[in-house]
Amino acid sequence: MFGIQRRITAQKNLVMKVYAMSNPTRTSLAVCKHVSRIRGTPPKRNYTHTHSSCILTEPLTKTSQLGGVRKIVMSSQKTRNALSLQMMEDLISNITFNQDDPALRCIVLYGEGKVFSAGHNLKELTSKDGIDYHNQVFSACTRLMLGIIQCPVPVIAVVQGLAAAAGCQLVATCDIAICTDNSTFSTPGANFGIFCSTPGIAVCRAVPRKVAAQMLFTGIPLTAHEALQAGLISKVTTQEDIDEELQKIVDAIRNKSRSVLELGKKFLYEQLEMDIRTAYRHGQEVMVNNLTLIDCQEGIRSFIEKRKPIWTHGFEKCH
């Protein structure tokens, strides 16, 4: 009984200390809690700040892993799965957690409900929050997008509805994206006085310039088939068939050596930033290095011997 009372008293004292902090200190506390999670701790509860308090909140994502596939669901339907600071920190943590585990083969992102993501939470972008907080929001967005690119396994977006602004940016950044035929994609920020500058970075790298310009300057959405034609989406299917299409993609990934795909994904994004001569020189080195891997030689032998390869999924070299 006395032990319980002591714990309750200690918790009350901690709350009082938090409320007594200055606002910048409370903000720092929130950020420190997020940083510890980004470095590899699975998300539990978050600390977010207001102008008068530090509030303990639950994660905005649901995560599970089975058969090498990590499923991450954005589950904030009341905000249309907005990419708030907390949502982005949750996604970063979910994506980066234990990502070097050989058992992890791919990551799949969903949006719960009829909206994949409506983009940034505009309530976090008003002047009352200040420039420092706005920098935190867009810094987190950058870390999320680069985290997807730098993730050693393929990241797949499954869209079943609207993907707008930063939500469209998230789709454009994923390695593979499939959607239902009723999905739409837009960058309508200018309608609300904030041009989709950072969403445009990903969109311009996924679709032709004039398609991107029309999306950014008009806010008019692309249909699913227009997004497919432009290269924003990998595959369009019906609502009834989307799970089957996803399974085909996942199975094809799992049937390959993780290490070979990791090597290939890394080079894919590196060479996009190179001129063509540099890309070919670097690509030559990458392919020669690829040939030294045990998994590469196993794959070649299995092809010659007409059998299924037995992968190690590692980077061990055969000589």
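With respect to MET88, is the statement that it is modelled with pLDDT of 95 or more, of a type in the set (A, V, I, L, M), within 22 Å of CYS196 (Cα to Cα) and touching a Ser or Thr at 6+ places or on another chain (Cβ under 7 Å) true? The answer is no for MET88.
Exactly one residue out of ALA166, ALA206, ALA172, ALA202 is surrounded by 18 or more Cβ atoms within 10 Å (Cβ to Cβ), in contact with a Gly (Cβ under 7 Å, 6 or more places away or on another chain) and closer than 16 Å to TYR269 by Cβ: that is ALA206.
Scanning the range 119-145 for residues being under 14 Å from the mean Cα position of the chain (by Cα), of a type outside the set (Ser, Thr, Tyr) and part of a helix (DSSP H, G or I) gives a total of 5.
Here is the figure for the range 115-139: residues that are surrounded by 21 or more Cβ atoms within 10 Å (Cβ to Cβ), touching a residue at least 60 places away in the same chain (Cβ under 8 Å), among the hydrophobic types (A, V, I, L, M, F, W, C) and within 17 Å of ILE194 (Cβ to Cβ) total 0. Taking every residue in the range 279-307 that is in a strand (DSSP E or B) and pairing it with any residue that is exposed (fewer than 14 other Cβ atoms within 10 Å of the Cβ), at least 6 positions away or on another chain, the pairs with Cβ-Cβ distances below 9 Å are LEU293/GLY314; LEU293/GLU316; LEU293/LYS317; LEU293/CYS318. Number of residues in the range 281-316 that are touching a helix residue (DSSP H, G or I) at 6+ places or on another chain (Cβ under 7 Å) and basic (Lys, Arg): the value is 1. Scanning the range 76-96 for residues that are crowded, with 17+ Cβ neighbours inside 10 Å and in contact with a strand residue (DSSP E or B) (Cβ under 8 Å, 6 or more places away or on another chain) turns up ARG80, ASN81, ALA82, LEU83, LEU85, GLN86, MET87, GLU89, ASP90, LEU91, ASN94, ILE95.
Of the candidates PHE315, PHE303, the single residue that is over 21 Å from the mean Cα position of the chain (by Cα) and exposed (fewer than 13 other Cβ atoms within 10 Å of the Cβ) is PHE303.
Beta carbons closer than 8 Å, at least 6 apart along the sequence or on distinct chains, pair a first residue in the range 61-77 that is within 16 Å of ASP251 (Cβ to Cβ) with a second that is of a type in the set (S, T, N, Q) for ARG70/THR63; ARG70/SER64; ARG70/ASN94; LYS71/THR63; LYS71/SER64; LYS71/GLN65.
Does the range 146-169 include one or more residues that are assigned to a helix (DSSP H, G or I), of a type in the set (Val, Ile, Thr) and touching a residue at least 40 places away in the same chain (Cβ under 8 Å)? Looking for residues that are assigned to a helix (DSSP H, G or I), of a type in the set (Val, Ile, Thr) and touching a residue at least 40 places away in the same chain (Cβ under 8 Å), one finds at least one in the range 146-169, hence yes.
Filtering the range 99-111 to residues that are within 27 Å of PHE138 (Cβ to Cβ) and open to solvent by 20 Å² or more (accessible area, probe 1.4 Å) leaves GLN99, TYR110. Considering only the range 257-283, state which residues are under 16 Å from HIS313 (Cα atoms), out of contact with any strand residue (DSSP E or B) (no Cβ under 9 Å at 6 or more places or on another chain) and small (Gly, Ala, Ser). GLY264, the sole residue that qualifies. For ALA212, the requirement of being small (Gly, Ala, Ser) and either part of a loop (DSSP other than H, G, I, E, B) or over 20 Å from the mean Cα position of the chain (by Cα) (or both) is met.
Any idea which residue in the range 227-244 is most open to solvent (accessible area, probe 1.4 Å), counting only those that are farther than 13 Å from CYS168 by Cβ and not in a loop (DSSP other than H, G, I, E, B)? Going through the qualifying residues, I end up with GLN229.
The values are calculated or read from the model by the stated rules, or taken from the named source; none is laboratory data. Predicted, not measured: the structure shown is a model, and the values here were computed from it. All Cβ positions, glycine included, derive from the backbone under ideal geometry; neighbour counts span all protein chains shown. The area values use the complete protein model at the heavy-atom level, side chains included, leaving out ligands, DNA and RNA. Shrake-Rupley method; radii C 1.70, N 1.55, O 1.52, S 1.80 Å.
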